[in-house]
Structures are given as structure tokens and as C-alpha cells.
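Colleague: I'd like to ask some things about the structure below.
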Amino acid sequence: MDEAAALALVDKPTKNAGCGKYIDSANPDQSAVLTKLGASPPCGGQMPFNSDPLEQADVDCLKSWLESL
């Protein structure tokens, strides 16, 4: 996904009502794109699906980017 496509998800609710917003500008830590990377996401399964979890450095990089929006 390129940056323009990602920015289009800022403050947009996910299709699953219990998952919150794709990218929550007011609460970046609650963004679905971030919470789905954890071992116990609040809804659905851990991402990436059928793959090893991302390295913590990659998760931290995503978190920093979300906080910069």
C-alpha cells in the first residue's frame, strides 16, 4: 500500500464495527493497522495472516508513522 492509499484510511471506521478505525489520528495506539499486529488483537486474527509476526522494529516504525499524522 502506498502512502496516499494509507492516508485515505485516516479516521475511517473498519468494516468490522468492533475494530475501530483503520488509522485513528486521535489515538494512534488504537489504530486497527497497529493493534492487528499484536499477539491478541481486539478483533479478528493477528496480521500478517499465515506469516511470522513483524519484527518489533517494524512495528515501532509503523507506530511512529501513525503518531506523525
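Only the coordinates and a few stated rules stand behind these numbers; no lab work does. Note that this is a predicted model, so its numbers are computed, not measured. Glycine gets a Cβ as well: all are built from the backbone with ideal geometry, and neighbour counts include every protein chain shown.
Colleague: Could you give the length gained by full extension between residue 3 and residue 17, i.e. 0.36 nm per residue of separation minus their alpha carbon distance, to one decimal place? Walk me through the numbers before you get to the answer.
Modeller: On the way: separation 14, 0.36 × 14 = 5.04 nm, distance 2.42 nm.
Working it through step by step, the gained length comes to 2.6 nm.
Colleague: What is the sum of charges around residue 14, taking Lys and Arg as +1, Asp and Glu as -1, for the other residues whose C-beta is under 13 Å from the C-beta of residue 14? Intermediate values should be presented prior to the final figure.
Modeller: Numbers: positive: 12, 15, 21, 36; negative: 11, 24.
Charge balance near residue 14 sits at +2.
Colleague: Run the simple label-point estimate for residue 43 and residue 67 please: 7 Å along Cα→C-beta, distance reported in nm.
Modeller: Label-label distance for residue 43 and residue 67, simple model: 2.6 nm.
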